Amino acid sequence: MRLILLGAPGAGKGTQAAILAKELSIPAISTGNILRAAVAGGSELGKQAKACMERGALVSDEIIIGIIRDRLAEPDCANGYILDGVPRTLGQAEALEKNGVVFDRVVSMEISDETIMERMSGRRVCPKCGASYHVAAVPPKQAGVCDECGSALITRKDDAPETVKARLAVYHKETEPLKDFYRSRGVLVPVADQGSVEATSAAILKLLKG
Ligand code: AMP
């Protein structure tokens with residue numbers, strides 16, 4: 001199963017990608033997590049991406065396609081993968097297609113901007129392994145500590161309300177047109193947010209298996 005999770009920032013892509021990855025035994029790949037690790041590690045890639053990320057703008061298609069091409073060539077992707085947060089522009093979608101990367105399903109997570117603005121203030125992430133939490137909806141077992149690797153959780157700088165607004169605007173302008181692109185390929189599966197993580201993953205799995 002080769003999947004894309006498409007949706008606005010804060011739609012729950014990371015959370016659902018982790019659940020689906022376990023359920024379907026395929027890796028979840030987040031360009032956001034790969035870039036944040038590069039920024040934290042101070043690599044050349046991290047230096048190039050940092051400023052764009054902090055203001056909620058997109059990193060160049062060229063950088064993103066390079067990251068994805070390398071990652072999809074790794075052996076754990078042989079039986080499929082879940083892309084979280086990529087492709088994010090028509091240019092990226094077209095470049096992937098040109099490179100022979102095709103998808104069985106593109107799950108479009110449908111949620112209002114208002115709900116996203118409410119949710120983002122409670123999001124916490126692990127800077128080490130990328131796991132995602134929410135103080136009310138998906139709390140870690142011990143407050144402020146990652147269940148997966150024990151690191152201290154942080155609030156992402158780009159989750160500040162003004163930056164979330166900018167990221168939503170970028171989503172509507174650059175990423176939402178991908179719905180038409182994948183609808184025309186016959187693989188788009190829209191899924192409405194169900195109000196809880198469990199109900200939303202059940203709805204996604206039902207549509208994927210149906
Ligand atoms: P995310 O964790 O998916 O919300 O990504 C965080 C930030 O990383 C975004 O706001 C962008 O600056 C950058 N980024 C992640 N994925 C992409 C992508 N596919 N294309 C361009 N920029 C990206």
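With all protein chains present, how much of the accessible area of the range 149-210 (probe radius 1.4 Å) comes from carbon and sulfur, to the nearest whole percent?
For the range 149-210, the apolar C and S fraction of the accessible surface comes to 58 percent.
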Next on the checklist: Once you keep just the Cα pairs under 8 angstrom separated by 6 or more residues, what percentage relative contact order results for the range 7-101?
Outcome noted: 37
Checklist entry - Which net charge results when you count Lys and Arg as +1 and Asp and Glu as -1 among the other residues whose beta-carbon is under 11 Å from that of residue 152? => result +2
Checklist outcome for this item: In the range 1-129 the accessible area split gives carbon plus sulfur, as whole percent at 1.4 Å, a share of 51
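Please report the net charge: other residues with Cβ closer than 12 Å to the Cβ of residue 17, K and R +1, D and E -1.
Details: positive: 13, 22; negative: 23, 84.
Around residue 17, the charge tally is 0.
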Item to check | P(r) of the range 134-210 over all Cα-Cα pairs, binned every 5 Å from zero, in whole percent | outcome: 3, 11, 12, 14, 19, 19, 13, 6, 1, 0
Checklist entry - Considering only DSSP beta bridges with both partners in the chain, what is the antiparallel share in %, to the nearest 5? => result 25
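Could you work out the helix-only [θ] at 222 nm for the chain, with each DSSP H run of four or more residues adding -39,500 (n - 2.57) and the total divided by the number of residues, to the nearest 500 deg cm²/dmol? All intermediate terms of the calculation are to be shown ahead of the outcome.
On the way: 9 runs with 93 residues, N = 210.
Calculated at 222 nm, the ellipticity per residue is -13000 deg cm²/dmol.
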Item to check | Amide H partners (placed H, <5 Å) of residue 194, local residues excluded | outcome: 200
Item to check | Spatially proximal aspartates and glutamates relative to residue 22 (Cα-Cα < 17 Å; intrachain offsets below 8 disregarded) | outcome: 76, 84, 147, 148, 198
Item to check | Built amide H within the under 5 Å cut-off of residue 30, gap 5+ | outcome: 84
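Ranked highest first by the average count of other Cβ atoms within 10 Å around their residues, in what order do 102-110, 138-146 fall? Kindly include the intermediate steps, with their values, before the conclusion.
Values: 102-110: 17.9, 138-146: 13.9.
Per-residue Cβ counts within 10 Å, averaged per peptide and sorted highest first, yield 102-110, 138-146.
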Checklist entry - Between the range 146-167 and the range 52-93, how many Å separate their Cα centres? => result 20
Next on the checklist: Distance cut-off 28 Å, Cα to Cα: go down the list 173/209; 141/209; 13/47; 47/141; 98/165 and report the pairs above it.
Outcome noted: 173/209; 141/209; 47/141; 98/165
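Given a cut-off of under 8 Å on Cα pairs at least six residues apart, what relative contact order in percent is computed for the range 47-182? Display every interim value, and only then the final one.
Values: 111 pairs, mean separation 41.9, N = 136.
Computed over the range 47-182, the figure is 31 percent.
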Checklist entry - How large is the accessible surface per residue of the range 45-195, computed with a 1.4 Å probe and reported in Å² as a whole number? => result 53
Checklist outcome for this item: Other residues with Cβ under 13 Å from the Cβ of residue 111 give, with Lys and Arg +1 and Asp and Glu -1, a net charge of -4
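The values are calculated or read from the model by the stated rules, or taken from the named source; none is laboratory data. Everything numeric in this text was worked out from a predicted model, so none of it was measured. Glycine also receives a Cβ, built like all others from the backbone with ideal geometry; neighbour counts cover every protein chain displayed. Each accessible area value is taken on the protein alone, full model and side chains, heavy atoms only, with ligands, DNA and RNA left out. Shrake-Rupley method; radii C 1.70, N 1.55, O 1.52, S 1.80 Å.
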